[in-house]
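Notes for the one structure printed next.
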Amino acid sequence: MEQEKMTKFNKIFPWYSGLSDDLLFWVAIDTLFLTVVKNFNASQIVSLTTVSLITCIALQVPLLSIIKKIGNTNSVRLGSMLLLISSLLLTFGPNYIVVALGNIIYEIAFTFKNMSNAILKNNLELQNRNDEYIRVKTKSTTIYATATMIISFIASLMFNLNNYLPMLACITSCLICFILSFYIVDYSNYNKIKEETKNKYKTKINYNKLIIALIISYGLFYPIVASGHTNGKLFIQQELLLIFNVQKAALIIGGILCVSRIVRVISNMFFNKIHNKYKEKVGIILPILLSISIILIILGSFIKNFIALKFSIMSLGYIIILFIRDPFKVYMQDLALRNSRKENQQQLLTIMELARKIIRAIMSLSFTIILINNSMIKVMIILFILSIIEIIISIKLYTLTLNKDEIKDEENI
């Protein structure tokens, strides 16, 4: 019976994880929906992200306490339920306050749902499949990338048919994921940390050099990627509008987005093979590619006479950002789970997400202020400098992973 449940978990997990990795359909039409349906202005739309991030950061300590109390299995179910509630509030919220509450719940949901990674690691170890975490997670991210690629092609058409149609599809996908979450069960002894285990190990992370470098690297990489993704697209759009009319610029941007989505699917499909070949070197290769992507966008903007070359180079930089986004997340989560005690997994995964949210909030506020009196090129240059810092940190992290036996006594794993 136990083996039958585990087999069912193995089949369902990639689909659950992939389809619940974000609010499907919402991410494709969020700003359009808020502008056309909710009549929000640009300031209100931008403030939604800031308010939700700050609130979620402030709630991290009590959220972690709840996770420890209810365990991994119930945390995933709660996170899935919160995503469903969030989709309902975002769709039917009559005013800014209700929509903002929906966005806050959206951010909180992922703190709970993040425990699915610990469940996967624990269940794989029960099956003596310790080394298959990246393979399974890559399958999950491939499902997510494929779903979002398809949605990017049809979301606008659905919105034109009926403004609420994409959001009804979003609610349906959340409901399906909530049902699937009841099959995401931690069958190990580490679903909920027992009191005697807490007393024995004190379940407090020993922040050795490897753990600190891991948290900083993860916390910095994703805000750079997110900002490079958003601001890079805006930068390319600005450059296009200097040369082409709105219709032609929109057509070119649409083509770039379609190609980037396809490349994202391909990167997820092949990342397991790439990791098997390069192992821990992946932790350096991906940040280097991030730096290359940003410098390509910057250099491309300086080309004036060769328009095709200009936008080919800028587009390549943008596409690389999408190529590396999912693989880095999978690799870093696997690295964290491999180098922490079972008793500390919940806390470490939560702290990694907290670091990402804090740096993302700081960068978002800083760039908003910078762009008041400066051009986008200044933001891209700052991102490039930050990407160089990320490479330095990743090299240090790589060195620590190679010498982790020397610091094993610090963590006692």
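For region 258-288, what are the residues that are within 18 Å of the chain's Cα centre (by Cα) and open to solvent by 50 Å² or more (accessible area, probe 1.4 Å)?
Arg261, Ile262, Ile266, Met269
Kindly provide the set of residues from region 237-257 that are open to solvent by 30 Å² or more (accessible area, probe 1.4 Å) and assigned to a helix (DSSP H, G or I), ordered by number.
Of everything in region 237-257, those that are open to solvent by 30 Å² or more (accessible area, probe 1.4 Å) and assigned to a helix (DSSP H, G or I) turn out to be Gln237, Gln238, Leu241, Val246, Gln247, Lys248, Ala250, Leu251, Ile252, Gly255, Leu257.
Per-residue answers, yes or no, for (1) in contact with a strand residue (DSSP E or B) (Cβ under 8 Å, 6 or more places away or on another chain); (2) more than 14 Å from Glu107 (Cβ to Cβ); (3) modelled with pLDDT of 95 or more:
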site	(1), (2), (3)
Phe25	no, yes, no
Gln60	no, no, no
Val76	no, yes, yes
Met81	no, yes, yes
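Among the residues of region 13-48, count how many are open to solvent by less than 20 Å² (accessible area, probe 1.4 Å) and of a type in the set (D, E, K, R).
0
Between residues in region 1-21 that are among the hydrophobic types (A, V, I, L, M, F, W, C) and residues that are not in a helix (DSSP H, G or I), which pairs lie under 8 Å by C-beta distance while being six or more apart or on different chains?
Between residues of region 1-21 that are among the hydrophobic types (A, V, I, L, M, F, W, C) and residues that are not in a helix (DSSP H, G or I), the close pairs are Met6/Gln127; Met6/Tyr187; Phe9/Ile184; Phe9/Val185; Phe9/Tyr187; Ile12/Ile184; Phe13/Ile184.
Could you list, in sequence order, the residues of region 301-312 that are without any contact (Cβ under 8 Å) to a residue 60 or more places away in the chain and either part of a helix (DSSP H, G or I) or open to solvent by less than 80 Å² (accessible area, probe 1.4 Å) (or both)?
Ile303, Ala308, Leu309, Ser312, listed by residue number.
Across region 203-213, which residue is farthest from Ser366 (Cα to Cα) among those that are assigned to a helix (DSSP H, G or I) and out of contact with any helix residue (DSSP H, G or I) (no Cβ under 6 Å at 6 or more places or on another chain)?
Ile211
Restricting to region 74-99, and then to whatever is farther than 16 Å from Asp22 by Cβ, part of a helix (DSSP H, G or I) and of a type in the set (S, T, N, Q), can you tell me which residue is least open to solvent (accessible area, probe 1.4 Å)?
Ser75
Tally up the residues in region 136-162 that are modelled with pLDDT under 90, open to solvent by 20 Å² or more (accessible area, probe 1.4 Å) and touching a helix residue (DSSP H, G or I) at 6+ places or on another chain (Cβ under 8 Å), please.
Residues flagged as modelled with pLDDT under 90, open to solvent by 20 Å² or more (accessible area, probe 1.4 Å) and touching a helix residue (DSSP H, G or I) at 6+ places or on another chain (Cβ under 8 Å) within region 136-162 amount to 5.
Do we have Leu120 as buried (at least 20 other Cβ atoms within 10 Å of the Cβ) and more than 16 Å from the chain's Cα centre (by Cα) here?
Criteria met by Leu120.
Answer yes or no as to whether Val51 is open to solvent by 50 Å² or more (accessible area, probe 1.4 Å), in contact with a helix residue (DSSP H, G or I) (Cβ under 6 Å, 6 or more places away or on another chain) and of a type in the set (A, V, I, L, M).
Against the criterion (open to solvent by 50 Å² or more (accessible area, probe 1.4 Å), in contact with a helix residue (DSSP H, G or I) (Cβ under 6 Å, 6 or more places away or on another chain) and of a type in the set (A, V, I, L, M)), Val51 qualifies.
From the residues in region 151-181 that are outside any helix (DSSP H, G or I) and polar (S, T, N, Q), which one is farthest from Asn117 (Cα to Cα)?
Filtering region 151-181 for residues that are outside any helix (DSSP H, G or I) and polar (S, T, N, Q), the one farthest from Asn117 (Cα to Cα) comes out as Asn162.
Please state which of the following conditions Gly71 fails to meet, knowing it meets all the rest: (1) farther than 23 Å from Leu175 by Cβ; (2) open to solvent by 10 Å² or more (accessible area, probe 1.4 Å).
Against the list (1) farther than 23 Å from Leu175 by Cβ; (2) open to solvent by 10 Å² or more (accessible area, probe 1.4 Å), Gly71 comes up short only on (2).
Pairs please, first residue from region 313-325 and under 12 Å from Val225 (Cα atoms), second anywhere and buried (at least 24 other Cβ atoms within 10 Å of the Cβ) and polar (S, T, N, Q), Cβ atoms under 6 Å, 6+ apart in sequence or on different chains.
Taking only residues 6 or more apart or on different chains, the pairs are Gly317/Ser293; Ile320/Ser293; Ile321/Ser293.
Mind checking which residues of region 352-395 are farther than 17 Å from Val51 by Cβ, open to solvent by 70 Å² or more (accessible area, probe 1.4 Å) and in contact (Cβ under 8 Å) with a residue 24 or more places away in the chain?
Across region 352-395, the qualifying residues are Ile381, Ile389, Ile395.
The values are calculated or read from the model by the stated rules, or taken from the named source; none is laboratory data. What you see is a predicted model; the values in this text were computed from it and never measured. So basically every Cβ, Gly included, is an ideal-geometry build from the backbone, and we count neighbours across all protein chains shown. For the accessible areas, the whole protein counts, side chains as well, though only heavy atoms, and no ligand, DNA or RNA atoms are used. Shrake-Rupley method; radii C 1.70, N 1.55, O 1.52, S 1.80 Å.
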